[in-house]
Structure formats: structure tokens, C-alpha cells
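Engineer: Okay, here's the structure, questions in a sec.
The values are calculated or read from the model by the stated rules, or taken from the named source; none is laboratory data. Everything quoted here is computed from the prediction, not taken from an experiment.
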Amino acid sequence: MQSLENAIEEQLTYDPVSGDIAHSSKCRMADGRKKPTHGKIVKTMNSGGYVQIGICLNGKSIRILGHRAAWVLHNGKFPDNQIDHINGNRVDNRISNLRDVDCSTNNTNRSKKVGRSQNLPVGVSEKHQNGKTNYRVCCWKGSVRKSTTVANLLDAVKLRAKYEKEVFKNPGESSAQRWLVDRCEKTIIHNVGIAEGVVAP
């Protein structure tokens, strides 16, 4: 019986700099025929927006997620926890963009939210009371919890970034900082479009 790690290493190739994953010459279909996608970079995505790859394991066709295959191909084993895409881009499988983290840390790095606060960074929500808008900032991991309410959105984003560094011991860019940069870039592009008459004010 072949292990999943061995099947991945035998049937796939990985470029850790570009993050590209391709089927190797040893990749076969369940009936033993050579896979027609041999040598081609895998670009198939699942409904969640992750790269998905088909390989053969002990005579059966299975699907695995690209970032997990990349981790195995680079480290020789599956991660201890979950794989987090540091920049929030689910198809960016460069090894420098992947890290082995617990569920709580992975969840704080989500790039998308749903509901009333979907236009705010993770860990920041709006509170409307007496005609005023305040922003609640939360960050927790296990028994460590930090929570504050501030009146200004920029202060809330800065505080969330500070909390992420303290609670998750993450020295890199926080999800709140990335949200702010992304929002600034969109605003600049929009304003340039207005100035050039391409976008309606």
C-alpha cells in the first residue's frame, strides 16, 4: 500500500519559488494509462477557490488541495496543523506564502467576511448606538482575549494589528494591515479614475 505522501512525491512536481504544481511523467490514471496532463501546470480550482489536483492512490483516483501537496513536496510530510496562505491569496502556493498554523490563527487571516461587517477587517465590527458609530476590536486565541471599542475606524485597524502581534506572536504583516493597504489602493485607483474622467464620482 502506497502512502499518500509517496504518491504525491512520485506523481507531482513543485516549484517553491513560483508555487506551480504539475503532474510528473510517473502520474497515471486509475486504469494505469498515462495522465494526459503530464507536465502541465495544474490550474483547476475547487468551489472554495483553492487549487485542486487529481492523483492516483493505490488504484483509485483522489483529489488533494494544492497547498497541502506543495507542503508535502517541499517538507516531505503533511503539516502538523492547517496551511495558511499568508497573503490571503488561495492560489498563491509559493512556499514563502505558506505556513503551518493552528485553526485560530488561520481563521484570523481570512481575507473575506460575510454579514454586516463584510467591508471591515477580520476582528473589527461596527456598533451603532445613539446615532453614533463605534468600532469593536476583538482578538483571541484560547484563553487570551483582547477586546476594546473605539470611535475611529483607522484606530480600530491599528489596534487590531497590534493585538494580532501580541496574541498570535506574528511578527509579519497582519490581516488588518493588509486590509488597510488594499482599501487605500482601491481608493487611490478610484480617485485617479475620477480625475481622469474614467470613473463617475
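Engineer: Tell me, yes or no, whether segment 92-107 has at least one residue that is part of a helix (DSSP H, G or I), at pLDDT 75 or above and more than 30 Å from Lys146 (Cα to Cα).
Structural biologist: Yes - at least one qualifying residue is present in segment 92-107.
Engineer: If you go through segment 8-26 one residue at a time, do you hit one that is of a type outside the set (Ser, Thr, Tyr) and modelled with pLDDT under 80? Explain how you work it out, then say what you get.
Structural biologist: Looking only at segment 8-26, we keep the residues that are of a type outside the set (Ser, Thr, Tyr), and these are 8-12, 15-17, 19-23, 26.
Going one step further and asking which of them are modelled with pLDDT under 80, we end up with 26.
Checked against the condition, which is being of a type outside the set (Ser, Thr, Tyr) and modelled with pLDDT under 80, segment 8-26 yields at least one hit.
Engineer: From the residues in segment 149-164 that are assigned to a helix (DSSP H, G or I) and small (Gly, Ala, Ser), which one is farthest from the chain's Cα centre (by Cα)?
Structural biologist: It comes out as Ala156.
Engineer: For segment 49-72, which positions are under 13 Å from Ser3 (Cα atoms) and not aliphatic (A, V, I, L, M)?
Structural biologist: Hits for segment 49-72 are Cys56, Asn58, Gly59, Lys60.
Engineer: Go through (1) assigned to a loop (DSSP other than H, G, I, E, B); (2) at pLDDT 80 or above for Leu120 and report which single condition fails.
Structural biologist: (2)
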